[in-house]
Structures are given as structure tokens and as C-alpha cells.
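Shown next, in C-alpha cells, is the structure this report addresses.
The values are calculated or read from the model by the stated rules, or taken from the named source; none is laboratory data. Because the structure is a prediction, the values reported are computed rather than measured. Methodologically, a virtual Cβ is constructed for each residue, glycine included, from the backbone with ideal geometry; neighbour enumeration extends over all protein chains shown. The area values use the complete protein model at the heavy-atom level, side chains included, leaving out ligands, DNA and RNA. Shrake-Rupley method; radii C 1.70, N 1.55, O 1.52, S 1.80 Å.
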Amino acid sequence: MNRLFDFSTGTLMTFLFSQSLFPPDLSNILLRQLLSIVGGILSSILIAWLKRQWDNRQPPSPET
């Protein structure tokens, strides 16, 4: 469920960003949708990588 939320958030954010870049006409709809899907995929990959890095971090060593 978290991965679906990450994908949806990335897709929505990229779609909103692409709407501000391109004027709203019919020829740019496919490009906006393609950018939003790619943004969703990339954000899911980035979040998964960051989560793995966070889970695999070393605890601080105690000072003697």
C-alpha cells in the first residue's frame, strides 16, 4: 500500500508540474500523462532506495 501511495504522490506532483510547463491544449495531453507516469516511477524508485539506505545504516559506535 505504501508503494502505491509513493507512486500516486509522484505521479500527481509530476502531473501538476507538467501542467504549469505546457499550455493546456490537446496535443500536450499525451506528453503530460507520459511525464506524470515517468515521474511516478522515478519517485517510487527514489523512495525505495532512500528507505533501503535508511534501513541499512550503521548504528553509531559507542565512544570509549
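Summary of computed values
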item: Within segment 16-54, tally of residues that are among the hydrophobic types (A, V, I, L, M, F, W, C), part of a loop (DSSP other than H, G, I, E, B) and open to solvent by 70 Å² or more (accessible area, probe 1.4 Å); result: 0
item: Flag if Leu42 is at pLDDT 75 or above and out of contact with any Gly (no Cβ under 9 Å at 6 or more places or on another chain); result: no
